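These notes concern the structure reproduced below.
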Amino acid sequence: MPGSTGGWFSGVGAVSSSDVWAVGAASGSHSLPLAAHWDGSAWTTVTTPSEGTASELRSVVALGTAN
């Protein structure tokens, strides 16, 4: 991921090969939630709310292109 200092994905959900979501945690001095979207050609980091200095996202479900 561009600008990433490391981290991991713990869940992936896909509607198609060009609509994929992945979630986990970005690491640095503290773990913070990480969500990313694959559009078929590039990953984009998606802003997520954070509930403190040690939080992560563990799963994701991709229901359809409009959800």
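So which of V60, V23 ends up being at negative phi, part of a loop (DSSP other than H, G, I, E, B), of a type in the set (A, V, I, L, M) and surrounded by 14 or more Cβ atoms within 10 Å (Cβ to Cβ)? Outline the logic, then answer.
Details: V23 fails: part of a loop (DSSP other than H, G, I, E, B).
Just a single option satisfies the conditions, and that option is V60.
Do we find a residue being small (G, A, S), open to solvent by less than 80 Å² (accessible area, probe 1.4 Å) and at pLDDT 90 or above anywhere in region 42-53?
yes
Report yes if S55 is over 17 Å from G6 (Cα atoms), of a type in the set (S, T, Y) and assigned to a loop (DSSP other than H, G, I, E, B), otherwise no.
Details: over 17 Å from G6 (Cα atoms): no; of a type in the set (S, T, Y): yes; assigned to a loop (DSSP other than H, G, I, E, B): yes.
Considered against the rule, which asks whether it is over 17 Å from G6 (Cα atoms), of a type in the set (S, T, Y) and assigned to a loop (DSSP other than H, G, I, E, B), S55 comes out as no.
Within region 5-17, track down each residue that is open to solvent by less than 60 Å² (accessible area, probe 1.4 Å) and either part of a loop (DSSP other than H, G, I, E, B) or in contact with a His (Cβ under 8 Å, 6 or more places away or on another chain) (or both).
Result: G6, single match.
The values are calculated or read from the model by the stated rules, or taken from the named source; none is laboratory data. These figures come from a predicted structure and were not determined experimentally. Please note: Cβ atoms are built from the backbone with ideal geometry, for glycine as well, and neighbour counts cover all protein chains shown. In case anyone asks, the SASA skips ligands and DNA or RNA and just uses the protein heavy atoms, side chains included. Shrake-Rupley method; radii C 1.70, N 1.55, O 1.52, S 1.80 Å.
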